[in-house]
Every structure is written in C-alpha cells, then in structure tokens.
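Participant: Please see the structure below; I have some questions.
The values are calculated or read from the model by the stated rules, or taken from the named source; none is laboratory data. Since this is a predicted model, take the numbers as computed values, not measurements. Backbone-built Cβ (ideal geometry, glycine too); neighbour counts: all protein chains shown. In case anyone asks, the SASA skips ligands and DNA or RNA and just uses the protein heavy atoms, side chains included. Shrake-Rupley method; radii C 1.70, N 1.55, O 1.52, S 1.80 Å.
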Amino acid sequence: MATVRKIEAKPSLLLSEKDGTVRKRRVAAYARVSTEQEEQQSSYETQVNFYTNYIQSNPEWEFAGIYADEGISGTNTKHREGFKRMVDDALAGKIDLILTKSISRFARNTVDSLVTIRKLKEKGVEVYFEKENIYSMDSKGELMLTIMSSIAQEESRSISENVTWGRRKGMADGKVYMSYKFFLGYEKGPDGKPQINEEQAKIVRLIYSLFLKGMGYQEITNYLDKEQIPTPKNGKRWHTQTVISILTNEKYKGDALLQKTFAVDWLNKKRKANNGELPQYYIEGSHPAIISPEVFDLVQNEIANRKFKRKHSTGVLSKRLVCGDCGAYYGRKVWHSNKPHRDFIWYCNSRYEGENKCLTPFVREKQIKAAFVEAFNKYIKHKDEYISKTGERIAELMNTEQIDKDIAEKEAECQAAYVELRALVDENAIKMQDQAEYTAKFSSMEAKCRALEAEIKELNEKALSMAAQRENIALFLEKLQESDSLISEFDDELWLTLVDRAIMKQGKKITFVFKDGSKVTIKIPPKEDCK
C-alpha cells in the first residue's frame, strides 16, 4: 500500500519575477497614534523605530519605508495623508508587504479597512496585522478581518461616546477647552487652565483697537499683512474671517460659551453648529480676560451698527462724509476709469432722489484728504486746550451711578410685575372668576411688563452708548497726545481716530467734526473744484 507523507509548505520571503529572477520582498510599515499628548508621542516614535529596525534586519526584505500619521483619528482615512500615500505607493507597485501593529491602527472603520485590503490584494500586496497575527492573503484572512474590524469599529464607537460624555460632563462642570495651537492670545498654564500669552495678546488688543478706530475687516486684514504680523496658525496671510472670529469670540473677555458645535456622526467626525439641538453652557469669568467686557460689548454693538448701516465699504472715508443739505452719506464713484487721469470723486448718495436736488458739491477724494491735513494742522495748534476738555468729558461719562441705579430700580419693578402676573395666572387656574375681567387684568399687567422691559432696554442702550463714547474719546485722547507735530499728507489712523464726521457744505466747504465736538471748516480752493 502506498504511503503518504506530508511536506510542510515553506513560503519564500523572496519573490520571483516573470523572467525567473528572484528579488527581495519590498516591505513597508504603517504607524499611527490618535492624539498629540506626550505619552502618545513616545508610542509613535517607538512604533517607527521598531518597524525600521525590524524590516532592515531581515536579509530577505528590502526596506520600502515607514508611513505614519501622528495625532490623527483612525475612524476614517479621509485626512490620513501618510496612510493614503502608502496605499498609492502600494498600488503603484512600490510595496509588496505592509506591516502594522493592529487592525485598529490600520482603520477602525470596517468598510474602509476591507475596501483598502481588497484593493491591495488585487495588486498582490499583502498586509500583516501583528497583534491579531492575520495575513490578508490567507484564505481565512478576510473573514477574520471582517470580524476583527467590526470589533475595532465598535470599540472606537464606545471610546468616542465615552470621550463625548466626558467632554459634556466637563462643560456642565464649567471646564473650558481651547485649541491652544490655533487660538491667538492664550496658552495652557501649569495648572492646565488657560493663561494669557502676552505677545499674542498684543495682537488681539491691536485688532480690537483698529476696529474701534473705524477700520473695516478688510482694512484690518491689510494692515496686519502690511505689518507682517503672524496669524494664529503662524502664517503670513490674514483672512477677514479670522479677524471677525477674534472680534466676536467671547473668550477674549474672560467668558466661555461651550458646545457651540457638535459631531453629527462619531464615524466621520462631521460637525455642525449647535442651534439648540444640545444644551450650551455659558461660563462668566472662566479665565483671564484679554479684552475688558466693556470694550468687547462695545465692539459687538459697533458690529451690529455697521451691519445695519453698511452694505459695502469704499475705504476709510466711507460713512464719515455727510451731505450738509439732506444728511445722507456721500458715496464714491470712479471718474475716467480707463484713462491715465483716473480719479475718485465723492457726492451725496441722495443727490438725485426726490424733487429737490442737493446743492452740495462733487468733491475729489484727494481734495478731501488735503482739506483734512489743513484742518488737522489748525486743530493741533490748540492741542492742550482740547486735551483738557476731553479729559473732563471722559470724567462725565465715567459717572454712571445714576443710570446704574435707574436700571436696578426698573429691573426690580419688572420682576415684581412678572411675579404679580404669574400669581394672576395661577389664581385663574384654581378659582372661578369672570374671564372677561381676568383677560382685561392680564392684558393690562402684561402691557406694564412690556413697557418696563422697553425702559430697561433703553437704559441699557444709553449705558452702552456712554461706554462707546468713553472708549472712542479715550482712543481719541491717546492719539491726540501722541500727535506732536504738523502733518504734510493724509494719515488713515489719524482720520479714523480723531474725526467723527465731515460735513460737505455748499460753497465748496468741508466742516470736520472731531470726536471731542470741535469743528474746523476748510474751503476747497476754486481751481481744484469738481465741475
């Protein structure tokens, strides 16, 4: 009887080419850690060093490189550049075998994992998962990979949910999270809480100051680029959206609104604005303020005013030139746009509206700027007198005792009225009474509450207006004290800081109204008139 003897397979680590030649197997490794914390940093470096030495020490392998992603989530492959580069190289025939620590390092998404492995198998590229001891070319490999990938995905979902729960619990407890790497002005302190980075804070204060002086978002952006001030990401080019974000982020006044956005799907990490789907938490005084609450609120008020008044910006003169006839703003128009003597002229936006045409003149932009230079030089001669007068005005605006008292009284009165209204409603629910009489009482008391709310709103707006005047005059005073000499050309910052408005009048006259209330009138030379 014939005997059967089994000879165990001995797969070669070498590969045979079509022409019969034998070459080494090109082996690469993939390493990834999902956070940038120090303890994970060492894990990342350990993986890279281990696989480099492991591959290079095998004489039958050719080192094809280490592909790695640091601080990247494994739930999908969308933003994993190292992973995508490795797959592209493998499909291009540069890699025969890929080593990785585990299925969860490769991908925690079952679909991504299997799709990628099948693509690689079609090109004859094998993947070895060290922890699970699975080769993708093995006959049972795909079944095991499907099972293990599903387990890894479920584990990832569980971890994600636990992290989310921990974050939300932290929010409810008042814990503030900041992305310090991209958040200008703050850094993580020794106690783990936000602390001010003074060098960066200077940039934040500069942006707020420029805005209050009258600059628009694009003008601030241009100024920061011109002065070569680095962006929050340490870049060279600023964007208006970055400036807007800094001007509207409550964290700069020491408060924090938590859970502004949330992840819609734990798998793809897509986020959306929280419009009431989840609770938010507002924490007052959660960390040191870079901008005072008064200045921050003043900026928000100014942003709202500009949205209401301004459809577009036409430079530093925009919204400060006023028609002396009708009170409308002047607008800018380009003359001879395609000719060498191209020029900008300004005229009343309402000049051709209605039956009566405004008699204020067209004025060239260079005439307005030249007139300001003349007006400023006249104004600066009486600098000491204006500084004294301005200081007195600031002192007046600092005295908010009466308005604060009025607000407190009205708020107490309003609260009492609502308590009374609530009692009326509760009584009606348990006691039989004439409903017509009840409705009349309810309407009367509700009207009283609404009237008190309107009064409180008006008082708060008055207080905010005083704060705005105080801040604007303080900026005005600071700039005035810095200005020691006459000027020979138009200065954007002086114009924005010192001038409240310029009134265009008949007879080719411009009256500059400075922020302390002082007025200087300049007549445009006849030979430069705009016809």
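Participant: Pick from region 399-414 the residues that are within 37 Å of the chain's Cα centre (by Cα), without any contact (Cβ under 8 Å) to a residue 24 or more places away in the chain and in a helix (DSSP H, G or I): which of them is farthest from E471 (Cα to Cα)?
Facilitator: Per the criteria, the residue is A408.
Participant: Name, by its number, the condition in (1) open to solvent by less than 20 Å² (accessible area, probe 1.4 Å); (2) touching a residue at least 60 places away in the same chain (Cβ under 8 Å) that does not hold for V513.
Facilitator: Against the list (1) open to solvent by less than 20 Å² (accessible area, probe 1.4 Å); (2) touching a residue at least 60 places away in the same chain (Cβ under 8 Å), V513 comes up short only on (2).
Yes/no per residue for (1) modelled with pLDDT of 85 or more; (2) of a type in the set (G, A, S); (3) open to solvent by 50 Å² or more (accessible area, probe 1.4 Å):
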{"residue": "T75", "(1), (2), (3)": "no, no, no"}
{"residue": "D88", "(1), (2), (3)": "yes, no, yes"}
{"residue": "A92", "(1), (2), (3)": "yes, yes, yes"}
{"residue": "A107", "(1), (2), (3)": "no, yes, no"}
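Participant: Shifting gears a bit: Please work out which one of (1) outside any helix (DSSP H, G or I); (2) in contact with a Leu (Cβ under 7 Å, 6 or more places away or on another chain) is the condition M432 fails and give its number.
Facilitator: Of everything listed in (1) outside any helix (DSSP H, G or I); (2) in contact with a Leu (Cβ under 7 Å, 6 or more places away or on another chain), M432 misses just condition (2).
Participant: Next up: Tell me, which residue of region 178-198 that is of a type in the set (A, V, I, L, M, F, W, C), part of a loop (DSSP other than H, G, I, E, B) and surrounded by 15 or more Cβ atoms within 10 Å (Cβ to Cβ) is modelled with the lowest pLDDT?
Facilitator: The initial filter retains those residues of region 178-198 that are of a type in the set (A, V, I, L, M, F, W, C), namely 178, 182-184, 196.
Still in the list and also part of a loop (DSSP other than H, G, I, E, B): 178, 182-184.
Then drop every residue that is not surrounded by 15 or more Cβ atoms within 10 Å (Cβ to Cβ), which leaves 178, 183-184.
Values: M178: 73, F183: 85, L184: 89.
Of everything passing the filter in region 178-198, M178 is modelled with the lowest pLDDT.
Participant: Listed residues E122, E154; which is modelled with pLDDT under 80 and over 24 Å from Y44 (Cβ atoms)? Steps first, please.
Facilitator: Values: E122 fails: modelled with pLDDT under 80.
Answer to the check: E154.
Participant: From E142, E161, which residue is within 30 Å of L258 (Cα to Cα) and modelled with pLDDT under 75?
Facilitator: The unique qualifying residue is E161.
Participant: Here's a follow-up. Considering only region 477-497, how many residues are open to solvent by 70 Å² or more (accessible area, probe 1.4 Å) and either within 20 Å of I368 (Cβ to Cβ) or of a type in the set (D, E, K, R) (or both)?
Facilitator: Here the count works out to 7.
Participant: If you don't mind, there's one more thing I want to ask. Just to be sure I understand the filter: pairs with C-beta atoms under 8 Å, separated by 6 or more residues or on different chains, first member in region 307-324 and under 20 Å from C358 (Cα atoms), second member at pLDDT below 80 and outside any loop (DSSP other than H, G, I, E, B). Which pairs pass?
Facilitator: K319/K309
Participant: Is there a residue in region 219-239 that is touching an Asp or Glu at 6+ places or on another chain (Cβ under 7 Å) and surrounded by 14 or more Cβ atoms within 10 Å (Cβ to Cβ)? Walk me through it before giving the result.
Facilitator: At the first step, the residues of region 219-239 found to be touching an Asp or Glu at 6+ places or on another chain (Cβ under 7 Å) are 237-238.
Narrowing the set further to residues that are surrounded by 14 or more Cβ atoms within 10 Å (Cβ to Cβ) leaves 238.
Yes, region 219-239 contains a residue that is touching an Asp or Glu at 6+ places or on another chain (Cβ under 7 Å) and surrounded by 14 or more Cβ atoms within 10 Å (Cβ to Cβ).
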